[in-house]
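Here the structure is laid out as C-alpha cells; the discussion comes afterwards.
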Amino acid sequence: MILDIYKDSFEYAGQDVKTILKLGVLYFLSFFIIPIFLVAGYQYRVIGAGINGMIGGDDKLPSFDNITGMFVDGIKYILVQIGYLIVPGVVFVISMMLSVYSDAASILAFVVGIILFIISELYMFIAIPNMIANDGSLKAAFKFKRLNEIIKMIGLGEYIMVYVGVLLLVTVISLVVAFIFIMVSSIFGIAIAYVAPSVSMGVLIVTEIILGFIFSFVVGPYLGIFAGRATGLIYGVGE
C-alpha cells in the first residue's frame, strides 16, 4: 500500500505542468507574505482531493478558482501548523535561556523539545486532513481521540513509514536536484574560468539564481503536491 501511495502521488503531481508553474509563481512571490497563504490554501485543496480520491484513481489537480476561499483555507492550514509547533517552540526557547545557567538543563530541555517536535509533526500529518474532512473545522485538527482512532485504523507502523517516507523522498529529491545542478554549473564555471576568469563569479551568481528559479517554479511545487496527495491518501485509508 505504501509504495502505491508514493507512486500515485508522484504521478498525480506531474500530470499538469501548467498547474505546477502557476503554483511556482506563488512560491516565487512568497516573500510578499500573502502568496504563502495561497500556497497553503492550494495544499489544502490537494489534501482534500486525496481524502476524497482513491489510490490509482484518475483524480485531477485542483483548480485555482475562488482565490478568496483558497486564501482562507491557507490561513486555517497555517494556524494548525502554528498550533502544533507552539509547545515545541516554547521548549526550545526555554532550552536556550537555560544555557546561561546550566548546560545539563539546557540539553535536557532541548531533547524534550526534539521529542515534542517529532510527536507534533506526526499528529499534524493527520490533523490537517482531519480538519479538511470536517468542513475546515479548526477544532477537528485538535481532537486527539479521533486522530488516535484514525492512526490506529491505518496502523501505527504504516502511518509512521508513510510520514518518514514522504519526508525522506522530498529531502532526497531536493538534494539530488541541487547536487546535479551545482555539479553541472561548477564544471561549466571552471571551463569559463579558464577562458574568461573575470566572469567566473558572475557565472556562479547566475547559477544560484537559476537554481532558485528551478526550485521555486518546478521542484518545490511538484514536491508540495506530492506530499499533499500522499497525506490525503493515507488519511483516507484510516477513515
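Counting alpha carbon pairs within less than 8 Å and at least 6 residues apart, what relative contact order, in whole percent, applies to the chain? Walk me through the intermediate numbers first.
Values: 264 pairs, mean separation 84.3, N = 239.
Computed value for the chain: 35 percent relative contact order.
Please give the FRET efficiency for GLU121 paired with ILE34, using the beta carbon to beta carbon distance and R0 = 30 Å, rounded to the nearest 0.05.
Details: r = 26 Å, r/R0 = 0.86.
Calculated transfer efficiency: 0.70.
Per residue of the stretch 173-179, in order, report the coupling 6.51 cos²θ - 1.76 cosθ + 1.60 (Karplus, θ = phi - 60°) as ³J(HN,Hα) in whole Hz, putting x for Gly and Pro.
Karplus values, whole Hz, x for Gly and Pro: 4, 4, 5, 5, 4, 5, 5.
Working out 0.36 nm times the residue gap between PHE213 and VAL17, then minus their Cα-Cα distance, what length gain in nm do you get to one decimal? Could the numbers behind the result be given before it?
Numbers: separation 196, 0.36 × 196 = 70.56 nm, distance 1.51 nm.
Using 0.36 nm per residue and subtracting the Cα-Cα distance, I get 69.0 nm.
Please list 6-12, 36-42 highest first by mean number of surrounding beta-carbon atoms within 10 Å per residue. Let's see the in-between values first.
Values: 6-12: 18.7, 36-42: 22.0.
Ranking, from highest mean packing down: 36-42, 6-12.
Check cross-link reach from LYS60 to the lysines: straight Cα distance under 25 Å, and skip same-chain residues fewer than eight apart.
LYS7, LYS18, LYS22, LYS76
Among the aspartates and glutamates, select those whose C-alpha is under 12 Å from the C-alpha of LYS152, and discard any that sit fewer than 8 residues away in the same chain.
In chain and number order, the partners are GLU239.
Output the direction-averaged projected area (hull surface divided by four) of the convex hull of the alpha-carbon atoms of the stretch 2-238, in nm².
Values: hull surface 65.8 nm².
Average of the hull's projected areas for the stretch 2-238 equals 16.4 nm².
Compute the FRET efficiency between LEU85 and PHE179 as 1/(1 + (r/R0)^6), taking r as their Cβ-Cβ distance and R0 = 30 Å, and round to the nearest 0.05. Working shown, then result.
Working: r = 29 Å, r/R0 = 0.98.
Efficiency at R0 = 30 Å is approximately 0.55.
Every number here is computed from the coordinates shown, using simple stated rules; none is lab data. Here the structure is a predicted model, which is why all the values come from computation and not from measurement. Ideal geometry is used to build each Cβ from the backbone, glycine not excepted, and the neighbour counts take in all protein chains shown.
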